[in-house]
Amino acid sequence: KRSGSIFHIDPNETNAWNVLIQGYKKWIFYPPHVNPPGVSRSEDGADVTVPLSTGEWLLTFWKYHLDARKDPDLNRRPLECIVGPGEAIFVPHGYWHMVVNLEDTIALTHNYVSSSNLGDVLYFLKHKRDQVSGVRDRRNEAAQPETLYEEFTRELRKVYPELLYVGMSVLQEKEKEM
């Protein structure tokens, strides 16, 4: 109860789902192009500054969040919901989100790559290797950031070549924009 996670974007451009087994969680989302109040990041997203805790954010920035909820541009407004036992929530890649546990909770979560975000994941793994997370602490068990893009695309080519083709098309479009 009263714990949670401060604003963040899930790693490596992954989507996520969260299923609540016990208790209630309040979720707050901000679109990728809108930094939540009190949150700033560098142009490339490598450096992010956030309050130390959910409590600090709620005490210091809640009033600005209330203003953001009234933004005349609906594409800039935050979204909020409360998830209870037996319910699942989808967290799209790139979205800022924070969670406050309203009660003692038990939940399961999983980050993943699907056809909806594969191009973005490929771009991230190829061009932001210094920001790849979740593998550095498992040097002998997992592919490392320096080779993850190559290993990931090699395995996709073997198992899901048609999906890789679609993902590579998105990657190439993103690279043209660079």
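The values are calculated or read from the model by the stated rules, or taken from the named source; none is laboratory data. Just so it is clear, the model here is predicted, and its values are computed rather than measured. Here Cβ is always computed from backbone atoms with ideal geometry, including for glycine, and neighbour counts include all displayed protein chains. Remember, those area values only see protein heavy atoms, side chains included, never the ligands or the DNA or RNA. Shrake-Rupley method; radii C 1.70, N 1.55, O 1.52, S 1.80 Å.
Name the single residue, out of those in segment 11-34 being of a type in the set (Phe, Trp, Tyr) and assigned to a strand (DSSP E or B), that is surrounded by the fewest Cβ atoms within 10 Å (Cβ to Cβ). I'd like the intermediate steps shown before the answer.
Keep residues of segment 11-34 that are of a type in the set (Phe, Trp, Tyr), which gives 17, 24, 27, 29-30.
Those still in the list that are assigned to a strand (DSSP E or B) too: 17, 27, 29-30.
On the way: Trp17: 13, Trp27: 18, Phe29: 20, Tyr30: 22.
Among those residues, the one meeting the criterion is Trp17.
Can you tell me which residue in segment 100-124 is farthest from Ser53 (Cα to Cα), limited to those that are in a strand (DSSP E or B) and more than 15 Å from the chain's Cα centre (by Cα)?
Taking segment 100-124 and keeping what is in a strand (DSSP E or B), we get 100-101, 106-112.
Still in the running and more than 15 Å from the chain's Cα centre (by Cα): 100-101, 106-108.
Details: Val100: 10, Asn101: 13, Ile106: 20, Ala107: 20, Leu108: 21 Å.
Step by step, filter segment 100-124, then rank; the result is Leu108.
Name every residue in segment 153-178 that is over 12 Å from Gly119 (Cα atoms) and of a type outside the set (Asp, Glu), in order of residue number. Step through it out loud before you land on a result.
To start, the set of residues in segment 153-178 that are over 12 Å from Gly119 (Cα atoms) comprises 154-162, 176-178.
Residues satisfying the conditions are Arg154, Leu156, Arg157, Lys158, Val159, Tyr160, Pro161, Lys176, Met178.
Could you tell me whether any residue of segment 113-126 is more than 28 Å from Ala88 (Cα to Cα), without any contact (Cβ under 8 Å) to a residue 24 or more places away in the chain and touching a Phe, Trp or Tyr at 6+ places or on another chain (Cβ under 9 Å)?
No, segment 113-126 contains no residue that is more than 28 Å from Ala88 (Cα to Cα), without any contact (Cβ under 8 Å) to a residue 24 or more places away in the chain and touching a Phe, Trp or Tyr at 6+ places or on another chain (Cβ under 9 Å).
What are the residues in segment 114-170 that are more than 15 Å from Thr14 (Cβ to Cβ), hydroxyl-bearing (Ser, Thr, Tyr) and surrounded by fewer than 16 Cβ atoms within 10 Å (Cβ to Cβ), if any?
Correct list: Thr147, Tyr160, Tyr165, Ser169.
Conditions tested, residue by residue: (1) among the β-branched types (Val, Ile, Thr); (2) closer than 23 Å to Gly134 by Cβ; (3) touching a strand residue (DSSP E or B) at 6+ places or on another chain (Cβ under 6 Å).
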{"position": "Gly4", "(1), (2), (3)": "no, yes, yes"}
{"position": "Arg41", "(1), (2), (3)": "no, yes, yes"}
{"position": "Val48", "(1), (2), (3)": "yes, yes, yes"}
{"position": "Leu79", "(1), (2), (3)": "no, no, yes"}
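Within segment 52-75, identify whether any single residue is closer than 23 Å to Ser3 by Cα, in contact with a His (Cβ under 8 Å, 6 or more places away or on another chain) and open to solvent by less than 60 Å² (accessible area, probe 1.4 Å), and answer yes or no.
no
Got a number for residues in segment 65-121 being β-branched (Val, Ile, Thr) and in contact with a helix residue (DSSP H, G or I) (Cβ under 6 Å, 6 or more places away or on another chain)?
The qualifying residues number 3.
Any chance you could count how many residues in segment 24-55 are out of contact with any Leu (no Cβ under 7 Å at 6 or more places or on another chain) and under 15 Å from Val99 (Cβ atoms)? Steps first, please.
Taking segment 24-55 first, the residues out of contact with any Leu (no Cβ under 7 Å at 6 or more places or on another chain) are 27-28, 30-55.
Next, from what is left, pick out any that are under 15 Å from Val99 (Cβ atoms): 27-28, 30, 36, 39, 50-51, 53-55.
Qualifying residue count, segment 24-55: 10.
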